[in-house]
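Values in this text are rule-based calculations from the coordinates and carry no lab data. All values reported here derive from a predicted model rather than from experimental measurement. Cβ atoms come from the backbone with ideal geometry, glycine included; neighbour counts cover every protein chain shown.
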Amino acid sequence: MKRLVIVILVFFVLLFLTLPNPSALDLDFTELNAQGYKNSKQLQISQIPILMYHSISDIGGVYSELCVSPSSFSKQMDYLLDSGYSTITFHGLLDYIEGNKPLPEKPIILTFDDGYLDNYKNAFMAMRERAMVGVVYPYINKIGTENGLSKDQLLKMQEQGWEIGSHTITHLDLTSLTDRQLKNEVYESKVKLKEMFDSDVVSVCYPAGRYNDKVVEFSKSAGYLFGVTTSYGKADLEENLLELSRIRINRSDTLATFVKKVN
């Protein structure tokens, strides 16, 4: 009888030792939730290049560095295709983070700030020929202006798989605004874009890259899941998803410097 009791005790001790540590499981889920992930799987890809473009044109002047020529842009797109990169949007990235869809082997996101008219004529057309998609960030007051994308153009881009993100209402420095002004810029731009394009707006682009903790908190409260900055580097998916870095592409970039930046 004594031997039987000892055997039973040993069995339960061994069983207890093989069980997972509950506190360790809680820690894993807490960390994932804190980072905004809804699934419990570790990310297979932790960093991704997000390219930052503005105007795709031959325009010169004081802001010429923000204007990548159409010929240079086409060469850059050809390089990305030849090198095995696949363009995705933030909706695609969200599907991956939530465990719904895998990412391609070499994912990359192309973003276009401000919503220039040439984004349709030069960027969208060149990328459509190559079956590529991008994320465009028009600010509300620029839509439909002489040098801005029209609603119809944005709808055509959306139909081809492009994503339309928020760049606020007026492109003001968000860090200089009152709470009421900030709410209008961040919340109302999301609402207006939803009404115009009948699609969830999951990402925000901070005008001129200016943001602080309060801006991030307002953006989170408004329901944005991703925020892109002008901080240089690849986006780290294990950090705050509302403070993602990007790689600025300039007019002066040669194909060689472009390749170096991307890689």
Inter-label distance, nm, simple model (7 Å from Cα along the C-beta direction), Tyr63/Glu129 | 2.6 nm
Cleavage-rule hits, trypsin sites (Lys or Arg not before Pro), segment 153-256, DSSP coil, Cβ neighbours within 10 Å at most 12 | none
J(HN,Hα) series, segment 206-212, from Karplus relation 6.51 cos²θ - 1.76 cosθ + 1.60, nearest Hz, glycine and proline x | 6, x, 6, x, 8, 7, 8
Span per principal axis, largest first, for the Cα atoms of segment 203-263 (Å) = 41, 24, 15
Computed over segment 46-262: relative contact order in percent, which uses C-alpha pairs under 8 Å that are six or more apart = 23 percent
Cα to Cα, under 23 Å, and not fewer than 8 places away if on the same chain: which lysines meet these conditions relative to Lys151?
-> Lys121, Lys142, Lys190, Lys192, Lys194
At what distance in nm do the modelled label points of Leu81 and Lys214 sit from each other, each positioned 7 Å from its Cα along Cα→Cβ?
-> 4.7 nm
Please get the size of the charge dipole for segment 46-262, origin at its Cα centre, with Cβ charges of +1 on Lys and Arg and -1 on Asp and Glu, quoted in debye to the nearest 20.
-> 240 debye
Report the full-extension gain for the segment Lys101 to Lys183: residue separation times 0.36 nm, less the Cα-Cα distance, to one decimal in nm.
-> 26.2 nm
